[in-house]
1. Would you please name the residue that is nearest to F64 (Cα to Cα), looking only at residues in region 111-140 that are among the charged types (D, E, K, R) and out of contact with any strand residue (DSSP E or B) (no Cβ under 6 Å at 6 or more places or on another chain)?
2. Among the candidates L80, L94, which residue alone is crowded, with 20+ Cβ neighbours inside 10 Å and either within 22 Å of V321 (Cα to Cα) or modelled with pLDDT of 95 or more (or both)?
3. Against the condition at pLDDT 90 or above, in contact with a Leu (Cβ under 7 Å, 6 or more places away or on another chain) and of a type in the set (S, T, N, Q), how does S199 come out, does it pass?
4. When you look at V150, is it touching a residue at least 24 places away in the same chain (Cβ under 8 Å), assigned to a loop (DSSP other than H, G, I, E, B) and either within 25 Å of D31 (Cβ to Cβ) or touching a Pro at 6+ places or on another chain (Cβ under 6 Å) (or both), yes or no?
5. Criterion first (of a type in the set (S, T, N, Q), under 28 Å from A28 (Cβ atoms) and outside any helix (DSSP H, G or I)) does S199 satisfy it?
6. Tell me, which residue of region 38-62 that is at pLDDT below 95 and aliphatic (A, V, I, L, M) is farthest from E113 (Cα to Cα)?
7. How many of the residues making up region 189-221 are closer than 25 Å to I124 by Cβ and surrounded by fewer than 22 Cβ atoms within 10 Å (Cβ to Cβ)?
8. Taking region 100-149 as the search range and keeping residues that are hydrophobic (A, V, I, L, M, F, W, C) and touching a Ser or Thr at 6+ places or on another chain (Cβ under 8 Å), which one is farthest from P58 (Cα to Cα)?
Amino acid sequence: MRSARSEISTNQTERIYQAARQILPAIAYGDAAGLPVEAMSAEQISENYGRITELQAPSDHPFFPGSARGTVSDDTQLSLAVAESLIRTGGFSLESLADEHIAAYRQTPRTTEGAPCGWGGSTIKAVERMISGIPPRESGEKGKAGNGVVMKMAPLVVWQVLGEVDKRTRRGQYDLLTNMTHNSEIARICTRLHGEVLSALLEGRTVSEAADRFIQTLAVNDFSKESELLYRAVYNPCQTDEELAERYAAGKSGTGYGFYVPETLAIAYDIFLGAGGDMQAAVYRAVNLGGDSDSTASIVATMIACQSGGVYKEPPDMESVQGIEQLRTVSTQLAEAALRRTVKLG
């Protein structure tokens, strides 16, 4: 670390470094915990499982039948792709990110229809465009607002914060990453929002400090319902599972919930703020809520890793997560590469 740092700044850098070392395992645990009940309602989960408190095999998931408990999906696969791009190029490169997405697409098992198992439609179409030769600046699905960017952006955020990337550059990188797959204003605003929230948690600030400006931005950009949803989550979080189910079960579509990016973030922030920093409790509140449970659970787990500086009580079944040792190795490589960049610039 740079000798020019003050003691307080050095301590903060060490804290962010340790969080970066835990980022992929945290994402993967939430992903693996939520995957078995993805798209179920809270009521269905209760009827089929009772209350879930540990990893389950995704035996009821249409894309992962017969898979072992700890199986992960696109939340982990694409977060890993972002991390590996940053490591290999030594910084943000849209072309490298596109290459890593294409590699992940080709390596992922297929459904009977030939699509990557568990991937969102907008990401699939965008990656297929890139494979066909369309540049990543032009490949995004216009008007789409799924959560395929916010679920995978944590490695970029820890890289930016640990590498002392200025805020203007961060925002530009968020927009490029978003436009590659989800070309819409609501998606761009939500990516910037979540990037600022994760940055705040890494730096010891609060969700409300980071979110307030973006909640107002949504309101003045004709997204008043989305603004209200996020405001309620940040300033009046639910205290019980029953409150969560009542607040979110209708969803944007009236059926499924948590797949629309403002709602994904509202659910994640709501659960995080009511969890008191307990990783296992927070993850399983997201899991038992259902909806897009693997994404919301992985985002919540990531937020706790960031807030805690990587020092949190690991769930006892963490070792069952698919590829956990590789994820730990890549997370450490990410943290070290970002830190080397900072030292070099200093």
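The values are calculated or read from the model by the stated rules, or taken from the named source; none is laboratory data. All values derive from a computational prediction rather than experimental measurement. A quick note on method: Cβ atoms are made from the backbone with ideal geometry, for glycine too, and the neighbour counts reach across all protein chains shown.
1. Per the criteria, the residue is E113.
2. After ruling out the rest, the residue left standing is L80.
3. Criteria not met by S199.
4. Yes: the conditions hold for V150.
5. Against the criterion (of a type in the set (S, T, N, Q), under 28 Å from A28 (Cβ atoms) and outside any helix (DSSP H, G or I)), S199 does not qualify.
6. Out of the qualifying residues, it is A42.
7. Number satisfying all stated conditions: 1.
8. M130
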